[in-house]
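Structure first, then comments.
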Ligand SMILES: CC(C)(COP(=O)(O)OP(=O)(O)OC[C@H]1O[C@@H](n2cnc3c(N)ncnc32)[C@H](O)[C@@H]1OP(=O)(O)O)[C@@H](O)C(=O)NCCC(=O)NCCS
């Protein structure tokens with residue numbers, strides 16, 4: 001059977017791309033077609049792999065948030081694996097990264113088969129993320145708002161999130177426990193890092209903390225926690241817990257039954273906070289890297 005790898009162009013292509021992700025990662029939120037369009041850029045390549053017109057896999061390649069990196073994400077539907085489709089997709093994506101002029105390939109795997117595939121192509125582990133899940137089965141007691149803090153949502157105060165990039169966002173991004181510094185532009189801060197809802201802690205009108213959710217239209221009863229962060233001068237006053245409990249209370253009020261969060265393995269403080277709140281550790285994701293052209 002002839003394998004065909006073609007770029008996603010139409011909304012139908014984008015929807016077919018989404019369906020592969022949903023089939024391969026049913027436990028994760030998949031971005032909507034509208035969100036995929038918002039992130040359209042010449043740097044990003046999305047492809048579909050078809051055999052005799054039937055979609056068997058997909059791929060995505062883009063400039064990575066990790067400085068100097070280009071991400072490659074091949075995915076193959078389970079019933080079509082071990083026939084070289086993943087290899088063909090990976091080669092296609094690597095050629096795209098070559099056009100971006102970055103030296104390092106970045107990938108991820110959260111199951112043994114994908115890890116074996118990645119090792120086969122020279123990728124090595126550079127970091128780990130842990131998924132923690134909380135089942136909501138009753139009301140949430142929110143701790144009192146710490147003194148000097150007002151909590152609002154980014155949605156009710158347009159412009160605050162955009163304004164927070166310099167004095168809050170850059171420190172929050174730099175504080176993440178990553179192997180390579182992240183290079184996040186102000187546009188990317190607004191497009192990729194803002195939750196809906198996103199609770200913001202304000203001190204004298206300035207953002208000093210945040211915690212938010214990414215809702216999942218494909219699974220309306222679950223959501224992913226997005227960035228939880230507190231600026232260093234406001235730490236140690238229970239603000240992170242307060243903000244996180246606000247998101248959980250919001251989730252209960254809106255009929256959600258499950259929330260999950262991915263945290264870098266090295267971020268012991270956040271993982272301990274989640275465990276204390278009652279989250280169970282549910283999955284480990286391995287982040288991988290390789291020189292574009294291995295020696
Ligand atoms: C990773 C993935 C894309 C591989 O797709 P695939 O079409 O099965 O891969 P290929 O058939 O091209 O495999 C190439 C080689 O990788 C290795 N490999 C792939 N799957 C493996 C497995 N389950 N166990 C051991 N080795 C494996 C083998 O060396 C294989 O060669 P072989 O079949 O001749 O032994 C697929 O498992 C997948 O979609 N995983 C989930 C998404 C993901 O994590 N993608 C990112 C990976 S970096």
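Could you tell me whether residue 189 is away from the ligand (no atom under 16 Å from the Cβ), touching a strand residue (DSSP E or B) at 6+ places or on another chain (Cβ under 8 Å) and assigned to a helix (DSSP H, G or I)? So residue 189 does not fit the description; no. Applying the criterion of being more than 6 Å from the ligand (Cβ to nearest atom) and part of a strand (DSSP E or B) to the residues of the stretch 74-115, the residue that is farthest from the chain's Cα centre (by Cα) is 104. Within the stretch 160-180, residues that are at negative phi sit with their Cβ atoms under 6 Å from residues that are assigned to a helix (DSSP H, G or I) and surrounded by 20 or more Cβ atoms within 10 Å (Cβ to Cβ), at 6+ positions apart or across chains, in these pairs: 165/189; 169/189. Residues that are assigned to a loop (DSSP other than H, G, I, E, B) and within 16 Å of the chain's Cα centre (by Cα) within the stretch 46-73 comprise 64, 65, listed in sequence order. Per the conditions (1) part of a loop (DSSP other than H, G, I, E, B); (2) at pLDDT 95 or above; (3) within 18 Å of the chain's Cα centre (by Cα), the sole criterion not satisfied by residue 266 is (2). Looking at (1) under 22 Å from residue 132 (Cβ atoms); (2) in contact with a helix residue (DSSP H, G or I) (Cβ under 9 Å, 6 or more places away or on another chain); (3) not in a helix (DSSP H, G or I), which one does residue 178 not meet, given that it meets all the others? Condition not satisfied by residue 178: (2). Looking at 201, 211, 251, which is the one that is under 16 Å from the mean Cα position of the chain (by Cα), in contact (Cβ under 8 Å) with a residue 12 or more places away in the chain and closer than 18 Å to residue 143 by Cα? Only one candidate qualifies: 211. Condition (residue is modelled with pLDDT of 95 or more and assigned to a strand (DSSP E or B)) applied to the stretch 16-30: is it met by at least one residue? Within the stretch 16-30 (the criterion being modelled with pLDDT of 95 or more and assigned to a strand (DSSP E or B)), the answer is no, since none of the residues qualifies.
Only residues that are more than 29 Å from residue 118 (Cβ to Cβ) and outside any loop (DSSP other than H, G, I, E, B) were counted in the stretch 276-295, giving 2. With respect to residue 146, determine if the residue is assigned to a loop (DSSP other than H, G, I, E, B), over 24 Å from residue 45 (Cα atoms) and out of contact with any strand residue (DSSP E or B) (no Cβ under 9 Å at 6 or more places or on another chain). No; evaluated as a whole, the condition is false for this residue. Of all the listed residues (257, 261), the sole one being touching a strand residue (DSSP E or B) at 6+ places or on another chain (Cβ under 8 Å) and farther than 21 Å from residue 154 by Cα is 257. None of 142, 152, 130 is surrounded by 13 or more Cβ atoms within 10 Å (Cβ to Cβ) and farther than 28 Å from residue 185 by Cβ except 142.
The values are calculated or read from the model by the stated rules, or taken from the named source; none is laboratory data. Because the structure is predicted, anything quoted here is derived from the model rather than measured. Every residue, glycine as well, gets a Cβ built from its backbone with ideal geometry; the counts of neighbours run over all protein chains shown.
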